[in-house]
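Have a look at the structure below before the remarks.
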Amino acid sequence: MRADCTQCCAIQQEIFSGKLSGVRPLAAQEAIVWRTRCRSNYWEPCVLSGDDTAHYAFPDNVGFAVNLPHRDSFSPDAAWDTGQDTGLEFCEGAPRFAVEVRSKNDYGPAAEQEIAAKRADYFACGTQVVWDVDLLSADVIKSYKASDPEQAVIFRRGEIADAEPAVPGWQMAVIDLFE
């Protein structure tokens with residue numbers, strides 16, 4: 001039986017190839033969400049300079065419904081997107097900026113292939129920037145852009161990361177992921 005979006009709202013999961021897949025939250029995702037939000041409430045909209053569209057920083061446990069042959073949703077560890085609070089419903093479409101934080105099972109050749117395939121899925125659905133966050137690596141953040149999906153921009157401790165062009169003008173200190 002193929003899983004659908006109504007089955008994975010209670011816990012953070014994604015639907016991939018018709019099956020529910022657990023997603024691992026880490027403390028780093030909270031740091032990213034806290035630094036991408038503009039106000040005291042996650043769900044209050046933030047209007048970027050020169051842009052009349054409301055934008056939201058989403059924590060983990062928020063699903064984004066997509067329509068790929070093998071994937072019905074994403075549930076990134078953190079995300080930034082336009083739109084509105086959907087309550088317990090999935091957001092429609094992929095976020096503009098998605099963050100995936102690695103856990104202990106996200107290492108090795110097979111995991112690298114899965115991560116690259118998921119990143120390709122994000123870009124196929126319209127995501128502009130995907131961060132691959134690896135707290136165990138010197139290359140803490142690998143930032144991939146839809147305009148050049150195979151070439152990562154690397155951000156290390158002591159540097160300031162950005163999510164251009166998805167989140168214009170936003171920056172965050174990499175060291176904040178460790179505090």
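The values are calculated or read from the model by the stated rules, or taken from the named source; none is laboratory data. Keep in mind it's a predicted model, so treat the numbers as computed, not measured. Note: ideal-geometry Cβ built from the backbone for every residue, glycine included; neighbour counts use all protein chains shown.
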Query raised in the report: List, please: which pairs have Cβ atoms under 7 Å, are six or more places apart or on different chains, and start with a residue in region 74-86 that is within 10 Å of residue 56 (Cβ to Cβ) and end with one that is at pLDDT below 85 and β-branched (Val, Ile, Thr)?
Result: 79/62; 80/36; 82/53
Query - Any chance residue 179 is touching a residue at least 24 places away in the same chain (Cβ under 8 Å) and exposed (fewer than 13 other Cβ atoms within 10 Å of the Cβ) - result: yes
Report task. Please find, within region 43-64, the residue that is modelled with the lowest pLDDT out of those that are touching a Cys at 6+ places or on another chain (Cβ under 7 Å) and part of a loop (DSSP other than H, G, I, E, B). Result -> 62
Query - Flag for residue 111 being of a type in the set (A, V, I, L, M) and under 28 Å from residue 82 (Cβ atoms) - result: no
